[in-house]
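Computed from the coordinates by the stated procedures, all read-outs in this text should not be read as laboratory data. Just so it is clear, the model here is predicted, and its values are computed rather than measured. All Cβ positions, glycine included, derive from the backbone under ideal geometry; neighbour counts span all protein chains shown.
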Amino acid sequence: MTVAAINRPWPSTFAERRPLAVVLLLVTGAASGLVASATAPPISVTWLVLLVVLVVAAIRPDIAFLGLVALAFLLPFAIVPVRLGAQPPIFELGLAVTVASTLVRSRPFSQALPKLSLANPYLWVAGFLLVGLVSTVISLSRSWDLQQLQYASKLGLGVSAFYLVANWSRRRGFARKLMLVIVASGVIQAALATTMYFNSKWSDSVFTWVQAVGYPPASSANRYLPDGETIRAVGTAVDPNVLGVTLAIAVVIAASLALSLRGRRLVLWWIVILSIVPALAFSMSRGAWLGAAAGTFGLIWYRRPATAWAILFVFVAAVAIPTRIGPLEHLRSGLLARDPAAALRLEEMRHIPDIVGSSPAFGVGFLTEPIARYSLEISNALLWIAERVGLVGAAFYLAAVATILGASLRRFRARPKTVGLLAAFVAATVTGLVDHHIVSMPHLVATYWLLGGTLMGVYAAQRVSNRA
């Protein structure tokens, strides 16, 4: 799929699109009014969000994608409020329509293939998608499972976000808008998570409200550390580790946007950053903490290498000293494998042959209950992939990530204003060392690969006019 193809408007002008836009918006307004008058507020709001997403995706998929990013950060599990055989999350349905709309506009099969090169991330990502398809087909041939097919399709859609954003981010201004959407969504989610963390009654009210749109009941919303006493922030991300990785991405991008500012604007961005940090801390997600630290280290190293190394030395010293320092003890416990959750990570390393032993080439597929001879609750992203799509898929995944990082590290100084995207991609990748969610949760899969795709777009030589 070439850049010119995916950016070719269809129809070619807004005037040609106006009748379609007007009709769709009128239908959306009428449908929303009817639904709002006949349903409870949570469901009526969900209907409105769904209809707006679908309409915008059909007319302007690039703009719809920005809205979907916000939805992935704020209400990733809100489902379609009507059962038509299934009730997929609005994010996944919206992404499917966005991909379909983009394909219709681009006519990809009439275009030349990209240049073959081992350093080309586009080819490795395509290979990763292809291996996932092969793995799914092999697994389905053993035992038909509709849920596996649905799950594999969702993950594939998430990875395909790489190609969408790689082309849209070539347009001047799109990458910055994406960064601002991520930060704004992160601030809102952090505010929700922090408030819910300190106010259990308000937390119950929030989960009671969103339960109508597919969320779990308030009674099962709370999450604790293995001690059973220390509560963890979850926000509307449901899982504290999911909350952690999304906030790690948001805070790193926010920090990058503050790098070149001075005066009042810098103060404002410090307020933004500090509004995200508490919720990230209260998530008690060590993977997210490490990811945020890695991304922040990269940002500081970019401007002040000596300062970055000094901070790293202080951090290592703080972890090494025996004195107990509040939340730092939780991080130290993980790094030194002193608790069951940390010990599980080491257990995974020792049992790698068993984890991938059932089907080493193409894995066991995307069954919700893997049929491997030996299965742990895998936390490492690479091992999770190796079990499900085998060593071949894991190799393509590693190659895709490595080539994205390699290309970005060679070129990031040419686009200094978007260095935060590279830092955020590093943060998410580091988080994947101890949490598998960036490769197993569809909305996080899309978030992860959109970061990689944006990097490839902003560092591309060819630039096209702004349409976002």
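Calculate the spin-label point distance for F313 paired with A402, positioning each point 7 Å from the Cα along the beta-carbon direction, and give it in nanometres.
Using points 7 Å along Cα→Cβ, the separation is 3.3 nm.
Going toward the positive end of the dipole of the range 121-458, with +1 on Lys and Arg Cβ and -1 on Asp and Glu Cβ, which of I249, L383, V181 do you reach last?
Of I249, L383, V181, it is V181.
What spacing in nm lies between the two simple spin-label points modelled at V82 and S141, each 7 Å away from Cα in the Cβ direction?
Calculated label separation equals 3.9 nm.
What ranking, highest mean first, results for peptides 249-255, 53-59 when packing means the other Cβ atoms within 10 Å averaged over each residue? Kindly include the intermediate steps, with their values, before the conclusion.
Details: 249-255: 28.4, 53-59: 20.9.
Going by the mean number of other Cβ atoms within 10 Å, highest first, we get 249-255, 53-59.
At 0.36 nm per residue, and after removing the present C-alpha to C-alpha distance, how many nm does the segment from L180 to V267 gain when stretched out fully? Walk me through the numbers on the way to the answer.
On the way: separation 87, 0.36 × 87 = 31.32 nm, distance 1.66 nm.
Additional length available on full extension: 29.7 nm.
Quick one: which residues, 5 or more positions from R223 or on another chain, have an amide H under 5 Å from its amide H? H modelled 1.01 Å from N in the peptide plane, none for Pro or chain starts.
R232
What does the C-alpha gyration tensor say about the overall shape of the range 121-458? Classify as rounded when a/c is under 1.5, otherwise prolate if a/b is larger than b/c, or oblate.
On the way: a/c = 1.42, a/b = 1.18, b/c = 1.20.
The shape class here is rounded.
For the range 428-440, in order, what is each residue's ³J(HN,Hα) by Karplus, 6.51 cos²θ - 1.76 cosθ + 1.60 with θ = phi - 60°, in whole Hz (x at glycine and Pro)?
Result, ordered by residue: 5, 5, 5, 4, x, 5, 10, 9, 8, 4, 5, 10, 10 Hz.
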